[in-house]
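To start, the structure itself, in structure tokens.
Where a number appears in this text, it was derived from the coordinates with a stated rule and is not lab data. What you see is a predicted model; the values in this text were computed from it and never measured. Cβ atoms come from the backbone with ideal geometry, glycine included; neighbour counts cover every protein chain shown.
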Amino acid sequence: MSKLVRFAADILYPVVLIFGLYIVAHGHITPGGGFQGGAVIATGVALVIVAYSYKEVIGWIGKGGLMAREVIGLMGFIGVALFAFLFGMPFFYNYLAGQGGLFGVPVAFGPNPGELNTGGTVPLMNFAVGIEVWGGLSLVILYLLSGLIEKKDQEEEGS
Amino acid sequence: MIPDFIWTNAPALLVAIPLLGAFLCPIIGKISPRARNVWVGGIMLVTAIVALILAYRVFTDGTVLYTFGAAVPGLSIPLDSGGIPIRIIFTVDAMSAFMDIICAIVGFSAILYSLASESRNSGLEMYYTLFLLMVAGVFGMVSTGDFFNFFVFLEILSMASAGIIAYRVDGGVAVEAAIKYFVLSSVGAIFVLFAIGIYYGQYDALNMAMIAYRMQGSSLDMIALVMLVAALAMKCGAVPMHFWTPDAYSMAPSSATAFLVVASQASLYGLFRVLFTFYNLTLNAVTVGWIIIILGILSMVVGVTMAIPQKDVKRLMAYHAVSQTGYMLLGIGVGLAVLGNQPLMESFGYMAMNGGVFHILNHALYKGLLFLTAGAIFYRIGTRNLNKMGGLGHNMKWTMVFFIIGALAIAGIPPLNGFASKLMIYESVFIFNPILAIIAMVVSILTLASFVKVFHSIFMGPKLPEYAEVKEAPLPMLLGMGILASLAVIFGLFPDIVVTTLVSPAVHALTDQAAYIASVLGGA
């Protein structure tokens, strides 16, 4: 693509990333959540592939790293759920809610503007799902676009 | 004897262990293939043991509830919710436990078999990840008591199955079969989701017991019923929605095909659950019963007649799978048609349903076994074309024995398990309507004829020169087949024990809607 598009993509990529992470982090109090935030991040990957070529992007974003993100996300999710067994509670029990600390601020009854440090294990699971979808959906996009045929002369013209 | 932890948390572990195994499989696959095999086999063994423990608990203590995220697993209704079960609940009654047993047995045999049969392929950590996801999907579908959760597990199962069907790309043919399966399951899943939306809009509930409790049988409910029956009958491969089965079953690796049979039966379970637990007597039982019977008869006849001309051995078996699904639908349909008429239920309704449900177990055993033997032959000679086979009985003696057991069982020959359930279906259906019983018997004879032909063309005749060096299948494959074959023989020799301890409680749990509702809502 032209230099203009590449420049715009360079600027937009971190913004897309941060917006996606914002959706993930606020998943338990605003619309959205892990999956939606992860999908937004994956669109950032799609953006740079469109702006640059597949070969360049695969050098920056390794498939191994994305695969690792997928596994870490999934393990985090089931790990948070399994951790409840250590407290002698059922699977998926929310052992952090209302306990104080980073995730466990008790929620006041009735309408309130929304406190970020609430939700117990719910934000943790959102993080896990966000990381998983980041890796998984980016991999899907990479595989889908790996078949793109590049026109040689056009690429020379662009660079 | 059994640790308290497993005893209480068995329903959750049933899904948690295969999921954990699936997610860690890609990492462990990086260490070494041997470590991966041990990991996958161990995970499946533990899951199967947990499933059997859970089934034992259900058959001794009655329905087991497991409420995810609650303070106590049995606390289905939160104290401050006003009597509505809002959490996801696993409601494992006798019918669910029965399906759990099937999934545990076939899943373990198929994994054991796959350790040898797939060893020559690449990308195996992904194969096992998908396989364990399928196991988790089936366990979730048959155990859950929340209808949206049922949809989630149905999707997990469909995605993983589509991936595993496409696993051996095979010049794109397998991918085509997978896309066909994937598109159809997605359409089916949307129907299921739409039906869930109808229930949720009307009854403000997703919990199965709550929907059943509030069920009114309005015209919207009938629309939901049509969508669910169409979608789930498609997923279990009933004619006229059977066209994905031959492609999917024949192109998937054999160990996965054996488990795909169980996956279809999980959809069959969903169908029965909807008919009996959701609607029960609010339905016009005779009409819907006859619809199920006609679906069954069509599946039986079309399946077997399409099977006879096939030349691909796995495609042929896939059509037989369609045909055998018809028997289950026939048995359950007859039970449904006389539901609510207690004298008729006692005289033949329960027996027809016992036959239909028992046939699910038997079908999973012998059809799984047949697909595994076909896989063993493919593993050794590299073709599925019947015209190119011959004389393999000289070298593959154990495979031949297992094939005979499977073939005789599917044809309903006396000492084997297929006979036990088919006899129950024949006898009870004959009282209901003799013509249906005659059709069922004719289909059985055609099945026998078809398998005699297959047996002859695979194993009989002189040794072919190109297969002179063929060896017996490797030990893990023989062990996997052996488990299924020995169970097929044992269940055939002692059918009455199986029927009284497993099948009959399952059928009564299915028909007794009030007990299901009371187990979750506490006698409400």
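Go through the residues of segment B:42-56 one by one and say whether even a single one is over 20 Å from the mean Cα position of the chain (by Cα) and not in a helix (DSSP H, G or I). Looking for residues that are over 20 Å from the mean Cα position of the chain (by Cα) and not in a helix (DSSP H, G or I), one finds none in segment B:42-56, hence no.
Kindly indicate the residue of segment A:111-121 that is at negative phi and more than 10 Å from every other protein chain (Cβ to nearest Cβ) and also farthest from the chain's Cα centre (by Cα) among those meeting that condition. Here the residue is A:PRO111.
Inside segment B:205-237, residues that are touching a helix residue (DSSP H, G or I) at 6+ places or on another chain (Cβ under 9 Å), free of Cβ contacts under 8 Å to residues at least 40 places away in the same chain and over 29 Å from B:VAL322 (Cβ atoms) make up a count of 3.
All conditions in (1) surrounded by fewer than 23 Cβ atoms within 10 Å (Cβ to Cβ); (2) free of Cβ contacts under 8 Å to residues at least 60 places away in the same chain hold for B:ALA104, with the sole exception of (1). For segment B:5-21, the candidate set comprises residues that are more than 9 Å from chain A (Cβ to nearest Cβ) and of a type in the set (Gly, Ala, Ser); within that set, the residue that is nearest to B:VAL142 (Cα to Cα) is B:ALA10. In segment B:409-427, what residues are surrounded by fewer than 24 Cβ atoms within 10 Å (Cβ to Cβ) and either in contact with a Phe, Trp or Tyr (Cβ under 8 Å, 6 or more places away or on another chain) or assigned to a loop (DSSP other than H, G, I, E, B) (or both)? Passing the criteria: B:ALA411, B:ILE413, B:PRO414, B:PRO415, B:GLU427. Anything in segment B:71-84 that is within 12 Å of another protein chain (Cβ to nearest Cβ) and buried (at least 21 other Cβ atoms within 10 Å of the Cβ)? List them, or say none. Across segment B:71-84, the qualifying residues are B:PRO73, B:SER76.
So that you can scan it fast, the table gives a plain yes or no per residue for (1) touching a His at 6+ places or on another chain (Cβ under 6 Å); (2) within 30 Å of B:LEU13 (Cβ to Cβ); (3) surrounded by 11 or more Cβ atoms within 10 Å (Cβ to Cβ); (4) touching a residue at least 40 places away in the same chain (Cβ under 8 Å):
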residue: A:TYR54; (1), (2), (3), (4): no, no, yes, yes
residue: A:TRP60; (1), (2), (3), (4): no, no, no, no
residue: A:ALA84; (1), (2), (3), (4): no, yes, yes, no
residue: A:TYR95; (1), (2), (3), (4): no, yes, yes, no
residue: A:ASN117; (1), (2), (3), (4): no, no, yes, no
residue: A:PHE127; (1), (2), (3), (4): no, yes, yes, yes
residue: A:SER138; (1), (2), (3), (4): no, no, yes, yes
residue: A:LEU142; (1), (2), (3), (4): no, no, yes, yes
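The lone criterion from (1) buried (at least 17 other Cβ atoms within 10 Å of the Cβ); (2) among the basic types (Lys, Arg); (3) more than 14 Å from chain A (Cβ to nearest Cβ) left unmet by B:ARG87 is number (3). Within segment B:297-346, if we keep just the residues that are among the small types (Gly, Ala, Ser) and closer than 18 Å to B:PHE419 by Cα, the residue that is surrounded by the most Cβ atoms within 10 Å (Cβ to Cβ) turns out to be B:GLY331. Residues of segment A:74-110 that are facing chain B (nearest Cβ under 9 Å), in contact with a Phe, Trp or Tyr (Cβ under 8 Å, 6 or more places away or on another chain) and small (Gly, Ala, Ser): A:ALA81, A:ALA84. Whenever a residue of segment B:379-395 is more than 11 Å from B:ALA468 (Cα to Cα), its partners that are part of a helix (DSSP H, G or I) and acidic (Asp, Glu), lying with C-beta atoms within less than 9 angstrom and at least six residues away or across chains, give the pairs B:LYS388/B:GLU466. The residue of segment A:56-73 that is farthest from A:VAL122 (Cα to Cα), among those that are of a type outside the set (Gly, Ala, Ser) and away from every other protein chain (no Cβ under 14 Å), is A:GLU56.
One residue alone among A:GLY32, A:GLY20, A:GLY38 is within 14 Å of A:VAL129 (Cβ to Cβ) and not in a helix (DSSP H, G or I), and that residue is A:GLY32. Scanning segment B:58-114 for residues that are within 21 Å of B:ALA48 (Cα to Cα) and polar (S, T, N, Q) turns up B:THR60, B:THR63, B:THR91, B:SER96, B:SER109, B:SER114.
Inspection of segment B:107-118 finds no residue satisfying the criterion of being within 22 Å of B:ALA178 (Cβ to Cβ), part of a helix (DSSP H, G or I) and without any contact (Cβ under 8 Å) to a residue 24 or more places away in the chain.
Any idea which residue in segment B:22-65 is nearest to B:ASP146 (Cα to Cα), counting only those that are within 11 Å of another protein chain (Cβ to nearest Cβ) and touching a Ser or Thr at 6+ places or on another chain (Cβ under 8 Å)?
B:LEU65
Any residue that is closer than 23 Å to B:THR8 by Cβ and of a type outside the set (A, V, I, L, M, F, W, C) - is there at least one of those in segment A:113-131? Checked against the condition, which is being closer than 23 Å to B:THR8 by Cβ and of a type outside the set (A, V, I, L, M, F, W, C), segment A:113-131 yields at least one hit. If I ask for residues that are basic (Lys, Arg) and within 26 Å of the chain's Cα centre (by Cα), which ones from segment B:165-216 would you list? Answer for segment B:165-216, where residues must be basic (Lys, Arg) and within 26 Å of the chain's Cα centre (by Cα): B:ARG168, B:LYS180.
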